[in-house]
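Participant: The structure is given below, and queries will be raised subsequently.
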Amino acid sequence: MLLTIINPNTTESMTTTIGKCASQVTGPGTVVHAVTPAMGPASIESHYDEALAVPGVLAEIAAGEQAGSDGYVIACFGDPGLDAARELARGPVVGIAEAAMRTACYLGRGFSVVTTLGRTAGRARDLAETYGAGRFLRTVRACDIPVLELEDPASDARRVITEECRRAVVEDAADAVVLGCAGMADLAALISAEIGVPVIDGVAAAARTVETLVALGLRTGKLGEFAAPPAKPYTGALSDFQMHRPDIC
């Protein structure tokens, strides 16, 4: 099985971390291919960043289709371009916020999300409602740590994130904590051991979800909304994208 993990930002070191975390949880028959788009923002911390990350994500879906990928993970907690990616891909596509939140719902009465910047909290709440997890969501807690600071070995990010997760357990009565950034993927097990509740990394949850769907022979339904998009010209900087839609979906 070939599983493509797309880091929607262009920071290669984060892609490496994401790929390692996915490889640690997938089965021996699964090849994890972690990719960085050729275009897009260095980190995703706003609606603007998220919108401009989507073309790069879709280009990687198109490349994955050419390479024969069986399924995809979109490794950014805003799940940018998820619906459009499902139109393009033959196999299943899962976002890390979607996978993490739905996993958390199996583990208790409620969960909290611990994320990076406060300005992203509204997006996390919206996604919880979209994915049917709104009634399980206790709160969204921000650490006010820029995404790229997670890559800095001298940063105090791990301690700050751990303490915010601990507060989620004590103050929110959260039975589980969801880490709200793919750049936190390598912290989940360490934090869980310290605070005593499940801490969910969406990269791992999404990778295993896609792996299971592929093993079951399941893929996105293609008779309605997620059929391949209609052929039409695209202009300007997007002119190449009219060639990025496989008609065999």
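The values are calculated or read from the model by the stated rules, or taken from the named source; none is laboratory data. Quick caveat: nothing in here was measured; it's all calculated off a predicted structure. Using ideal geometry, Cβ is built from the backbone for each residue, glycine included, and neighbour counts are taken over all protein chains shown.
Participant: Kindly provide the set of residues from the stretch 166-182 that are outside any loop (DSSP other than H, G, I, E, B) and closer than 15 Å to ALA124 by Cβ, ordered by number.
Facilitator: Listed by number, the residues that qualify are ALA168, ASP172, ALA176, VAL177, VAL178, LEU179, ALA182.
Participant: Only residues that are β-branched (Val, Ile, Thr) and either touching a helix residue (DSSP H, G or I) at 6+ places or on another chain (Cβ under 7 Å) or crowded, with 17+ Cβ neighbours inside 10 Å (or both): list them for the stretch 162-183, please.
Facilitator: THR162, VAL169, VAL177, VAL178
Participant: Restricting to the stretch 214-236, name every residue that is surrounded by 12 or more Cβ atoms within 10 Å (Cβ to Cβ) and assigned to a loop (DSSP other than H, G, I, E, B).
Facilitator: Within the stretch 214-236, LEU218, ARG219, THR220, LYS222, PHE226, ALA227, ALA228, PRO229, TYR234 meet the criteria.
Participant: Sticking with this one: Does the stretch 28-47 contain any residue that is at pLDDT 95 or above and in a helix (DSSP H, G or I)?
Facilitator: yes
Participant: A further question follows. Considering only residues that are more than 20 Å from ALA75 (Cβ to Cβ) and of a type in the set (A, V, I, L, M, F, W, C), which ones fall in the stretch 209-245?
Facilitator: ALA215, LEU216, LEU218, LEU223, PHE226, ALA227, ALA228, ALA231, ALA237, LEU238, PHE241, MET243
Participant: With respect to ARG123, determine if the residue is of a type outside the set (A, V, I, L, M, F, W, C) and out of contact with any Pro (no Cβ under 8 Å at 6 or more places or on another chain).
Facilitator: Judged against the criteria, ARG123 is a match.
Condition check ((1) surrounded by fewer than 24 Cβ atoms within 10 Å (Cβ to Cβ); (2) in a loop (DSSP other than H, G, I, E, B)) across all residues:
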{"residue": "VAL73", "(1), (2)": "no, no"}
{"residue": "PHE77", "(1), (2)": "no, yes"}
{"residue": "ASP83", "(1), (2)": "yes, no"}
{"residue": "GLU87", "(1), (2)": "yes, no"}
{"residue": "ARG90", "(1), (2)": "yes, yes"}
{"residue": "ALA97", "(1), (2)": "no, no"}
{"residue": "ARG102", "(1), (2)": "yes, no"}
{"residue": "ARG109", "(1), (2)": "yes, yes"}
{"residue": "ARG119", "(1), (2)": "yes, no"}
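Participant: Regarding LEU52, is this residue touching a residue at least 12 places away in the same chain (Cβ under 8 Å), within 22 Å of PRO229 (Cβ to Cβ) and part of a helix (DSSP H, G or I)?
Facilitator: Considered against the rule, which asks whether it is touching a residue at least 12 places away in the same chain (Cβ under 8 Å), within 22 Å of PRO229 (Cβ to Cβ) and part of a helix (DSSP H, G or I), LEU52 comes out as yes.
Participant: What's the total number of residues in the stretch 59-68 that are surrounded by fewer than 24 Cβ atoms within 10 Å (Cβ to Cβ) and either among the small types (Gly, Ala, Ser) or touching a Lys or Arg at 6+ places or on another chain (Cβ under 7 Å) (or both)?
Facilitator: Within the stretch 59-68, residues that are surrounded by fewer than 24 Cβ atoms within 10 Å (Cβ to Cβ) and either among the small types (Gly, Ala, Ser) or touching a Lys or Arg at 6+ places or on another chain (Cβ under 7 Å) (or both) number 6.
Participant: Find all pairs meeting these conditions: Cβ atoms under 6 angstrom apart; at least six residues apart or on different chains; first residue within the stretch 149-165 and farther than 17 Å from MET14 by Cα; second residue surrounded by fewer than 16 Cβ atoms within 10 Å (Cβ to Cβ).
Facilitator: From the stretch 149-165, the pairs are THR162/GLU194.
Participant: Just to be sure before I move on: is THR10 over 14 Å from the mean Cα position of the chain (by Cα), in the same structural domain as VAL210 (by TED's automatic domain parsing) and among the β-branched types (Val, Ile, Thr) in the structure I sent?
Facilitator: So THR10 passes the test.
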